[in-house]
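**Q** Please find one structure pasted underneath; my questions will follow.
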Amino acid sequence: MCRIAGMLNLSLPTGVIEYTVKEMCNLQKAGGPDGEGLYCDPHHHLVLGHRRLSIIDLSATGHQPMSFAAERYWITYNGELYNYPELRQELLGLGCKFSGTSDTEVVLASFATWGTAAFSRLNGMFAFALWDSFSANLYLVRDAAGIKPLYFSLTQNGLLFASEVKAFANNPLLQQENTNWKVYMMAYGHLPEPITTLHGVQPLQKGTWLKYDAASGKCFQRAYSQYSYLEIISDRKEAIHSIKDCLAKAVKRHLLADAPIGVFLSGGLDSSIIALLAQKDQDELKTISLDLEEGQFSEKKFQHSLQQQMSCKHFQHLLKEEEFHHYLPAIIDTMDLPSSDGINTWFISKYARESGLKAVLSGLGGDELYGGYPSFKRVQSALFFKQFPNSILRAGKFSAIKKFRRLVYLSIEGPIGRYLFLRGQFTPNEIAIQLGAYEHEVWQLLSESPVLSDIDQLTPQNQASWMETNLYMQNQLLRDADVMSMAHGLEIRMPFLDADFTRLSLQISSSVKYGGTLGKQLLIDSFKDILPEMIWNRPKMGFTFPFKEWLISSDYARDLLGNDTHGNYKKFKSGEIHWSQYLSSTLIAHHQYA
């Protein structure tokens with residue numbers, strides 16, 4: 001797990017490019033504290049940069065950028081490849097020679113052997129740039145789940161890329177702000193791909209590779225892996241057997257490391273399953289939990305029930321309000337792209353690193369795949385109300401009740417309208433008032449981007465799963481998990497998003513997957529033999545803090561708002577708007593004056 005950057009520009013001297021890439025890497029240093037490296041191809045005006053967080057092959061043979069096949073291929077790589085032992089054995093059988101034990105070298109050998117067909121064989125979380133010096137082609141590749149970030153910019157004379165948007169901050173060619181980002185932030189509470197704060201900088205789509213031909217300047221992208229809801233497993237016993245077997249294998253793969261690794265243990269269903277499976281494959285498993293003095297937010301009793309039946313070394317950390325206030329400025333500065341979430345991940349990542357860990361397993365993904373959010377029930381309402389005429393839906397903006405005001409979003413066709421009805425923060429007229437924009441311009445922006453797939457053919461619950469996976473998880477949870485953990489030099493791994501387990505989960509019929517009286521009943525029944533009843537028979541409780549109380553008393557947040565001409569603090573304090581809406585408006589003010 002690392003941070004990467006690079007630049008190919010035929011109009012600039014190599015020395016300038018090298019300086020630029022080194023600066024891009026330095027801006028991402030927190031995510032790669034263990035080392036750095038540069039590769040320069042002066043003939044093609046190319047420089048690849050790398051900041052290293054050592055997890056697999058801690059020796060010098062794991063140093064990057066890394067070469068292969070007599071230095072024909074070069075790579076700067078961010079991620080973990082979980083099936084690299086199997087691929088390595090296959091490649092050895094085909095005559096490949098390895099100088100080290102890293103998964104990075106396996107990626108290089110796979111490409112040298114199979115070309116772009118290799119990308120679909122990689123099971124892991126990754127984002128990398130691979131340079132073929134013979135053909136003068138530069139490839140950018142991102143994993144199928146979009147766990148690891150990769151941003152790029154095409155210019156008149158070349159290509160730039162990095163793991164974080166802030167790495168482009170010192171490039172004078174890319175300082176034009178995307179003035180529309182605030183609209184998306186107020187609507188979503190995050191920036192949905194492909195939106196960023198910079199004009200001309202965009203994310204590479206997940207499951208996609210990009211090829212840039214240095215000789216011709218031509219560039220094209222191609223998807224190599226896309227997940228589909230197939231609904232071919234309709235036998236409940238078969239589904240349970242497959243889930244137990246496949247997730248256990250995924251957890252075992254995710255434990256591969258040459259550095260200390262542990263598990264986030266919140267006391268919820270998903271993290272409990274991951275922890276119980278992990279202890280079967282790792283002696284003296286380390287678990288990390290966070291507790292709060294505010295009783296209604298504490299999950300300590302659930303965490304304790306797990307610890308009683310596990311042989312593990314448990315690290316429990318108590319977060320107090322004064323610590324929240326002390327670190328809030330640093331947390332907001334850490335955000336690469338603004339997000340109304342992620343503060344909790346920053347703290348648990350901090351504690352994990354202080355406990356000696358460099359990688360942790362997380363239960364992220366279980367809710368999206370198995371129906372753990374209220375949206376899986378509320379989607380039926382969305383599908384019902386969207387049949388109403390747009391004139392009636394848009395009249396909802398005059399309602400004093402927030403959930404009625406969000407009816408306006410159902411006038412937008414496709415997943416965007418449904419998602420914003422389910423999870424949207426401010427409505428277009430509210431956004432227009434606060435940003436001093438025309439309402440019709442806000443409607444146009446939100447209707448035009450992002451361009452998403454048609455999901456009408458899916459069952460209602462799978463529509464909710466698709467939206468939670470491709471919008472909420474993709475643009476908020478995964479991005480927050482990456483940025484907030486890497487700020488502490490920590491890697492978060494997600495076994496629920498393992499390629500094999502994801503494909504299995506999407507093959508299970510909706511009636512089986514979402515059936516039952518309890519939320520995520522199928523997942524519960526798959527692991528009921530190892531789960532304490534206290535864990536599976538409990539109300540769902542998100543991993544959150546007493547944000548309302550803490551933010552109300554935050555002088556820093558109020559200072560960021562400045563004059564607060566729209567009275568968001570007063571609305572927040574009275575309960576008229578949610579803490580996430582208040583945080584969104586605060587972050588917009590912060591980025592505006594930063």
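**Q** Can you tell me how many residues in the range 258-288 are of a type outside the set (Gly, Ala, Ser) and in a loop (DSSP other than H, G, I, E, B)?
**A** Counting residues in the range 258-288 that are of a type outside the set (Gly, Ala, Ser) and in a loop (DSSP other than H, G, I, E, B) gives 9.
**Q** Scan the range 91-109 for residues that are surrounded by fewer than 16 Cβ atoms within 10 Å (Cβ to Cβ) and part of a helix (DSSP H, G or I) and report the count.
**A** Here the count works out to 2.
**Q** Kindly indicate whether Leu523 is farther than 30 Å from Asn429 by Cβ, modelled with pLDDT of 90 or more and either surrounded by fewer than 20 Cβ atoms within 10 Å (Cβ to Cβ) or not basic (Lys, Arg) (or both).
**A** Yes, satisfied.
**Q** Kindly provide the set of residues from the range 312-339 that are of a type in the set (Lys, Arg) and either under 22 Å from Gly262 (Cβ atoms) or surrounded by 15 or more Cβ atoms within 10 Å (Cβ to Cβ) (or both), ordered by number.
**A** Lys313
**Q** In addition: Considering only residues that are farther than 17 Å from Thr179 by Cβ, buried (at least 19 other Cβ atoms within 10 Å of the Cβ) and β-branched (Val, Ile, Thr), which ones fall in the range 425-454?
**A** Thr427
Residues are listed down the side, and each one gets a yes or a no for (1) touching a Lys or Arg at 6+ places or on another chain (Cβ under 8 Å); (2) closer than 11 Å to Leu265 by Cα:
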{"position": "Leu290", "(1), (2)": "no, yes"}
{"position": "Glu293", "(1), (2)": "yes, no"}
{"position": "Glu299", "(1), (2)": "no, yes"}
{"position": "His304", "(1), (2)": "no, yes"}
{"position": "Gln307", "(1), (2)": "no, yes"}
{"position": "His314", "(1), (2)": "yes, yes"}
{"position": "His317", "(1), (2)": "no, no"}
{"position": "Leu328", "(1), (2)": "no, no"}
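**Q** Scan the range 368-405 residue by residue and report those that are of a type in the set (Phe, Trp, Tyr) and either out of contact with any Phe, Trp or Tyr (no Cβ under 8 Å at 6 or more places or on another chain) or not in a helix (DSSP H, G or I) (or both).
**A** Tyr373, Phe384, Phe388, Phe398, Phe404, listed by residue number.
**Q** Regarding Glu354, is this residue over 15 Å from Asp456 (Cα atoms), free of Cβ contacts under 8 Å to residues at least 12 places away in the same chain and not basic (Lys, Arg)?
**A** So Glu354 fits the description; yes.
**Q** Still on this structure, I have one more. Here are the criteria: (1) assigned by TED's automatic domain parsing to the domain that holds Asp525; (2) touching a His at 6+ places or on another chain (Cβ under 8 Å). Tell me which single one Thr197 does not satisfy.
**A** (1)
**Q** State yes or no: is Asp498 within 29 Å of Pro149 (Cα to Cα) and either in contact (Cβ under 8 Å) with a residue 24 or more places away in the chain or in contact with a His (Cβ under 8 Å, 6 or more places away or on another chain) (or both)?
**A** yes
**Q** Another question about this same structure. Is it the case that Leu369 is at pLDDT below 95 and under 22 Å from the mean Cα position of the chain (by Cα)?
**A** So Leu369 fails the test.
**Q** Kindly indicate whether Lys148 is more than 29 Å from Tyr19 (Cα to Cα) and of a type in the set (D, E, K, R).
**A** no
**Q** Restricting to the range 341-374, name every residue that is closer than 29 Å to Thr586 by Cα, surrounded by fewer than 24 Cβ atoms within 10 Å (Cβ to Cβ) and of a type in the set (Ser, Thr, Tyr).
**A** The answer is Tyr351, Tyr373.
**Q** While we're looking at this one, here's another question. Check whether at least one residue in the range 375-392 is modelled with pLDDT of 95 or more and under 22 Å from the mean Cα position of the chain (by Cα), and report yes or no.
**A** Yes, the range 375-392 contains at least one residue that is modelled with pLDDT of 95 or more and under 22 Å from the mean Cα position of the chain (by Cα).
**Q** Filter the range 244-266 for residues that are over 17 Å from Asp103 (Cβ atoms) and either touching a His at 6+ places or on another chain (Cβ under 8 Å) or of a type in the set (D, E, K, R) (or both) and give the result.
**A** Within the range 244-266, Lys244, Asp245, Lys249, Leu265 qualify.
**Q** Right, something else. Can you go through Asp341, Asp291, Asp333 and tell me which one is out of contact with any Pro (no Cβ under 9 Å at 6 or more places or on another chain), in a loop (DSSP other than H, G, I, E, B) and outside the structural domain of Tyr82 (by TED's automatic domain parsing)?
**A** Asp341
Conditions (1) touching a strand residue (DSSP E or B) at 6+ places or on another chain (Cβ under 6 Å); (2) of a type in the set (Ser, Thr, Tyr), marked per residue:
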site: Gln316; (1), (2): yes, no
site: Gly342; (1), (2): no, no
site: Gly363; (1), (2): no, no
site: Tyr409; (1), (2): no, yes
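**Q** Let me ask something additional. All but one of (1) surrounded by fewer than 21 Cβ atoms within 10 Å (Cβ to Cβ); (2) under 30 Å from Glu177 (Cα atoms) hold for Phe384; state the number of the condition that does not hold.
**A** Tallying (1) surrounded by fewer than 21 Cβ atoms within 10 Å (Cβ to Cβ); (2) under 30 Å from Glu177 (Cα atoms), Phe384 fails exactly one: (2).
**Q** Let me ask another. Can we say Gln89 is modelled with pLDDT of 95 or more and of a type outside the set (Val, Ile, Thr)?
**A** When the stated conditions are applied, Gln89 passes them.
**Q** Any idea which residue in the range 6-20 is nearest to the chain's Cα centre (by Cα), counting only those that are under 14 Å from Thr155 (Cβ atoms) and free of Cβ contacts under 8 Å to residues at least 40 places away in the same chain?
**A** Only one residue fits best here, namely Ile17.
**Q** When you scan the range 208-220, do you find a residue that is under 24 Å from the mean Cα position of the chain (by Cα) and either closer than 30 Å to Leu583 by Cα or without any contact (Cβ under 8 Å) to a residue 40 or more places away in the chain (or both), even just one?
**A** No, the conditions are met nowhere in the range 208-220.
**Q** How do the pairs read when you match residues in the range 469-480 that are under 16 Å from Ile455 (Cβ atoms) with residues anywhere that are assigned to a helix (DSSP H, G or I) and not hydroxyl-bearing (Ser, Thr, Tyr), using Cβ under 6 Å and keeping only pairs 6 or more apart or on different chains?
**A** Pairs found: Thr469/Glu368; Met473/Glu368.
**Q** Also: Would you mind finding the one in Gly79, Gly115, Gly95, Gly100 that is at positive phi and in contact with a strand residue (DSSP E or B) (Cβ under 9 Å, 6 or more places away or on another chain)?
**A** After ruling out the rest, the residue left standing is Gly79.
The values are calculated or read from the model by the stated rules, or taken from the named source; none is laboratory data. Just so it is clear, the structure is predicted and the values come from calculations on it, not from any experiment. Note that we place each Cβ from the backbone using ideal geometry, even for glycine, and neighbour counts take in every protein chain shown.
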